[in-house]
Structures are given as C-alpha cells and as structure tokens.
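The next block holds one structure in the form of structure tokens; read it before the comments.
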Amino acid sequence: MQLTKHIKPKEQKAIQEAQSLLSQNNANAAMEVLANYTKKYKHSQHTMYLMSLCHAMSGELNEALKLASNLVSKYAVNIEHLKLLGGIYHNLRKYVQAISTFERALKINKNDFQALSNIANSLKESYRYDEAEACYKQSLAIQPNQPDALTNYGLLMQVNARIDSAIDLHRRALQYAPQHSNALYNLAYALLE
C-alpha cells in the first residue's frame with residue numbers, strides 16, 4: 001500500500017517501520033509498533049490496513065477479518081483493501097465471499113492481475129475447475145511471468161490429470177523464480193505421476 005501525502009509524520013514513521021518488519025515476516029513486531037502508535041493517535045486507513053495484514057500473517061484471521069471488513073465499509077473504493085479482505089476470506093475457506101470481494105476489486109480495475117489470480121485460486125478450491133482455468137488464463141494474459149499463478153494453474157492441471165500441461169506450467173514458473181519452493185515441489189510431484 002502506497003503512502004499518501006495526507007499522512008502525519010509520526011504515523012508515516014510508524015507505518016514505514018511496520019512495513020519494514022512485515023517485509024521481514026515479523027508480523028508480531030509490526031503489530032506492536034502499530035499498537036503503540038494507535039494508543040496515542042486515531043486509526044487511519046493505513047494503520048488499519050497494516051494491522052489487519054499483521055493479524056492475517058500471524059494467523060489471527062478472525063481479528064484480521066474484523067479490521068478488514070471495517071476498512072472496506074469505510075473505504076469501499078480502495079482496491080487494496082478489497083484484495084486484503086478477499087484474501088482473508090480465502091484463508092478462512094469462505095470462498096464464495098472471497099470470490100465476491102475479489103469481483104468487487106475487479107469492478108475498480110478489470111485488469112488487476114492479483115484479483116483475477118485470487119479468484120482463480122478460490123474457484124479452484126471450490127472445485128469450479130473450468131471457471132478457475134478461465135481466470136488463470138485471463139490473469140496470465142495480463143502478467144504472463146508470474147510464478148505463483150503459473151504454479152497454481154499447474155496444480156489445477158494436475159487435479160484435472162493434464163500432467164503434461166502441469167509440468168509445462170511448473171517449469172515456466174521456475175524460469176522466472178528458480179528457487180520457487182512450491183513450483184519445485186509440484187514439478188517433482190507431477191513428474192512422478
């Protein structure tokens with residue numbers, strides 16, 4: 001999430017520190033920084049977004065859902081907020097809500113690669129394989145070199161017993177991210193089938 005010009009210097013410092021900690025996968029320390037800031041100052045959409053993300057990364061999905069839902073109700077036209085909420089729904093295995101939320105994000109930007117890819121992931125988990133495949137194709141048409149989408153699409157091909165296609169997709173993912181652990185594992189598994 002990009003910082004805007006309207007952020008107070010103290011909040012900007014707390015947000016930057018929290019973002020740095022999150023980039024190091026230290027959600028608990030980031031949450032502490034944000035909690036200390038919000039004890040003294042009012043929540044803004046930026047601190048609410050990051051606090052929701054911290055809770056999600058810490059596995060506290062119900063708390064993350066409360067914050068993200070509140071955020072979306074206040075700032076419904078922000079695509080990043082919608083994608084965060086959709087991701088939380090997906091992780092809670094509430095795929096219908098996830099798909100609906102990601103579709104709201106697509107109404108803001110119909111070419112948002114992440115929203116399309118995440119819809120595909122939720123459709124795949126809902127056993128709606130034909131729709132998932134169409135979404136993966138659409139997302140990869142926008143960003144063809146994205147290793148996560150390639151390997152997730154590859155998994156869908158494996159589920160559908162289209163092993164040659166799965167192998168090709170996992171190999172393409174590894175072209176762009178040679179150390180991608182999921183692509184490596186999934187390719188090995190596909191080669192054994």
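The values are calculated or read from the model by the stated rules, or taken from the named source; none is laboratory data. Computed from a prediction, not measured in an experiment: that's the story for all the values here. So basically every Cβ, Gly included, is an ideal-geometry build from the backbone, and we count neighbours across all protein chains shown. SASA here: full protein model, heavy atoms, side chains in, ligands and nucleic acids out. Shrake-Rupley method; radii C 1.70, N 1.55, O 1.52, S 1.80 Å.
Would you confirm whether any residue within the stretch 81-92 is modelled with pLDDT of 95 or more, farther than 23 Å from GLN138 by Cα, of a type outside the set (Asp, Glu) and surrounded by fewer than 17 Cβ atoms within 10 Å (Cβ to Cβ)?
yes
Which of (1) in contact with a Pro (Cβ under 6 Å, 6 or more places away or on another chain); (2) more than 25 Å from GLY86 (Cα to Cα); (3) not small (Gly, Ala, Ser) does HIS180 not meet, given it meets every other one?
Evaluating HIS180 over (1) in contact with a Pro (Cβ under 6 Å, 6 or more places away or on another chain); (2) more than 25 Å from GLY86 (Cα to Cα); (3) not small (Gly, Ala, Ser) leaves (2) as the failure.
Based on this model, can you work out whether GLN97 counts as farther than 26 Å from LEU50 by Cβ, touching a Phe, Trp or Tyr at 6+ places or on another chain (Cβ under 8 Å) and not hydroxyl-bearing (Ser, Thr, Tyr)? Break it down stepwise before answering.
Numbers: farther than 26 Å from LEU50 by Cβ: no; touching a Phe, Trp or Tyr at 6+ places or on another chain (Cβ under 8 Å): yes; not hydroxyl-bearing (Ser, Thr, Tyr): yes.
In short, no.
Confirm whether SER117 is under 18 Å from ALA149 (Cβ atoms), surrounded by 15 or more Cβ atoms within 10 Å (Cβ to Cβ) and in contact with a Cys (Cβ under 9 Å, 6 or more places away or on another chain). Full working, then the answer.
Details: under 18 Å from ALA149 (Cβ atoms): yes; surrounded by 15 or more Cβ atoms within 10 Å (Cβ to Cβ): yes; in contact with a Cys (Cβ under 9 Å, 6 or more places away or on another chain): yes.
Against the criterion (under 18 Å from ALA149 (Cβ atoms), surrounded by 15 or more Cβ atoms within 10 Å (Cβ to Cβ) and in contact with a Cys (Cβ under 9 Å, 6 or more places away or on another chain)), SER117 qualifies.
Would you mind telling me which numbered condition in (1) out of contact with any Lys or Arg (no Cβ under 7 Å at 6 or more places or on another chain); (2) modelled with pLDDT of 95 or more; (3) over 30 Å from ASN70 (Cα atoms) LEU156 fails?
It is condition (1) that LEU156 fails.
Taking TYR127 and the conditions (1) open to solvent by 30 Å² or more (accessible area, probe 1.4 Å); (2) under 27 Å from ASN145 (Cβ atoms), which numbered condition does it fall short on, given that it satisfies the others?
So the condition that TYR127 fails would be (2).
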